[in-house]
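Chemist: Below: one structure in structure tokens.
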Amino acid sequence: MIIIPMEKPAAQDLNSYYLKIDKLLEHYQGALGTGGVYFKSPISEGVVFFDEANLLNSYYKDKKEEFKGGKALSKINETASKNNYAVTVYYILPERVYYWANLSNAELLYGDLSSEFTDLEGLIKKMENEKVTGYIEVKLNQDSGGGLLFIYNGEIIGGASAQGDGALDRSVEYRDDLIKRCREVGGNFNVKKIQLSKISTLSKPSVLKSSKPVLNSSKSVPPEKKSIARPQKDPQRVLRMLQDLLVLLEKVVRANKRIKVDFETLLNRQFVSKVDQYDFLDPFAAEFRYSNGKVIFKGKASQKELVTSIVWCVKDMTADLGMTAVFRKYLPAWKKNYTDEIIDFNIQI
């Protein structure tokens, strides 16, 4: 099973029969900066991850064999005109692309842990506290399947069912369901860690033309040093996204008759609690204001800071009010309207 964060594609429904793979990769290195190209046919599949300067890693699998690294890259190129792959290109956040590219290089951290002695939820909290980057593999008893939970710097960033097609499920419900099923039938866990400080890259796209591709292990690419200057989003659209989110939250809060405090007071309390991290939220400074369904921002904070802070406030407020699950039921339409922004700002709510 090949895992790739399948968000809104940058390009899809391409046919490998008509493509020059090296040129395709070079083009999207320039156009996207960081991402992955996924190749799928009835008999095989593959993926190539890239940043703006390098091909980071590749993985290939069919019914008889599988390869990673340079061999996988050559295999994809060799079979591109025969297997008629459906090709899809995905943008991946710069700080996350190195994670996904090196998933296949993860090293065992804890092996064969039993649910009899280790609670899955407790194990997740341990990984969070230790800021582990890697994943937890869950194998359930009684032929009940299992799944993977992906962890980046201690944060669960998604999961994938062992019986699925590799699609990433970012919902909290997936994680909670896996924990619930594990408690019901039991299982075993393996924890694997990705050493991002040791990651390597493939050579340039010209490796596709070489008969003996090699892994360039001498070139380290620390992810914290790779920062792609993505274009800024339309400021008004970003504010409108946050405004719509707060309007939605206000409607849900006001609909709950047990809540006697008015919405703006509750929201300002959240702002005050986060002033140490985000001074522009200070209600007295009034750089960011939400009132009567309208957002006004007069500060100088970056779009990323602004979005992160408001989403954090929303998540904490719903948790404090015990209405997280209820609020999430109203989010699909908002998520559909702002898919690009949700991907670019890595919004998880």
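The values are calculated or read from the model by the stated rules, or taken from the named source; none is laboratory data. Just so it is clear, the model here is predicted, and its values are computed rather than measured. Using ideal geometry, Cβ is built from the backbone for each residue, glycine included, and neighbour counts are taken over all protein chains shown.
Chemist: Within the range 107-130, count every residue that is free of Cβ contacts under 8 Å to residues at least 12 places away in the same chain and either assigned by TED's automatic domain parsing to the domain that holds D51 or more than 27 Å from S197 (Cβ to Cβ) (or both).
Modeler: 2
Chemist: Look through the range 283-298, keep the residues that are in contact with a strand residue (DSSP E or B) (Cβ under 9 Å, 6 or more places away or on another chain) and of a type outside the set (V, I, T), and return whichever of them is farthest from V314 (Cα to Cα).
Modeler: Filtering first and then ranking leaves K298.
Chemist: Given the structure, is G293 loosely packed, with under 13 Cβ neighbours inside 10 Å, touching a helix residue (DSSP H, G or I) at 6+ places or on another chain (Cβ under 9 Å) and farther than 30 Å from P5 by Cα?
Modeler: Criteria met by G293.
Here is a yes/no grid of residues against (1) assigned to a strand (DSSP E or B); (2) in the same structural domain as G69 (by TED's automatic domain parsing); (3) touching a Gly at 6+ places or on another chain (Cβ under 7 Å):
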position: V132; (1), (2), (3): no, no, yes
position: D143; (1), (2), (3): no, no, no
position: I151; (1), (2), (3): yes, no, yes
position: I156; (1), (2), (3): yes, no, no
position: A160; (1), (2), (3): yes, no, yes
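Chemist: For A53, are the conditions met, namely being part of a loop (DSSP other than H, G, I, E, B), among the aliphatic types (A, V, I, L, M) and more than 23 Å from S161 (Cβ to Cβ)?
Modeler: Judged against the criteria, A53 is a match.
Chemist: Under the condition of being among the hydroxyl-bearing types (S, T, Y) and touching a Lys or Arg at 6+ places or on another chain (Cβ under 7 Å), which residue from the range 302-349 is surrounded by the most Cβ atoms within 10 Å (Cβ to Cβ)?
Modeler: S309
Chemist: For G146, state whether it is under 11 Å from C182 (Cα atoms), small (G, A, S) and touching a Lys or Arg at 6+ places or on another chain (Cβ under 6 Å).
Modeler: yes
Chemist: Pick from K8, K61, K75, K71: which is crowded, with 19+ Cβ neighbours inside 10 Å, of a type in the set (K, R) and touching a residue at least 12 places away in the same chain (Cβ under 8 Å)?
Modeler: None of the other options fit; the residue is K75.
Chemist: So which residues in the range 250-269 are within 18 Å of N292 (Cβ to Cβ) and either assigned to a helix (DSSP H, G or I) or aromatic (F, W, Y) (or both), if there are any at all?
Modeler: E250, K251, V252, V253, R254, A255, F263, E264, T265, L266, L267, N268
Chemist: Restricting to the range 72-101, what's the tally of residues that are of a type in the set (S, T, N, Q), touching a helix residue (DSSP H, G or I) at 6+ places or on another chain (Cβ under 9 Å) and at pLDDT 90 or above?
Modeler: The total comes to 3.
Chemist: Got at least one residue in the range 159-172 being in contact with a Pro (Cβ under 7 Å, 6 or more places away or on another chain), surrounded by 14 or more Cβ atoms within 10 Å (Cβ to Cβ) and under 30 Å from K329 (Cα atoms)?
Modeler: yes
Chemist: Another question, then. I'd like to know if the range 306-316 contains one or more residues that are among the β-branched types (V, I, T), part of a loop (DSSP other than H, G, I, E, B) and free of Cβ contacts under 8 Å to residues at least 60 places away in the same chain.
Modeler: Within the range 306-316, none of the residues are among the β-branched types (V, I, T), part of a loop (DSSP other than H, G, I, E, B) and free of Cβ contacts under 8 Å to residues at least 60 places away in the same chain.
Chemist: Hey, another quick one. Return the residues of the range 143-162 that are in contact with a strand residue (DSSP E or B) (Cβ under 9 Å, 6 or more places away or on another chain) and farther than 24 Å from I92 by Cα; say none if nothing qualifies.
Modeler: Scanning the range 143-162 gives S144, G145, G146.
Chemist: Would you pick out the residues in the range 78-106 that are more than 19 Å from the chain's Cα centre (by Cα), in contact (Cβ under 8 Å) with a residue 12 or more places away in the chain and on the phi < 0 side of the Ramachandran plot?
Modeler: Answer for the range 78-106, where residues must be more than 19 Å from the chain's Cα centre (by Cα), in contact (Cβ under 8 Å) with a residue 12 or more places away in the chain and on the phi < 0 side of the Ramachandran plot: T79, A80, S81, N83, Y85, A86, V87.
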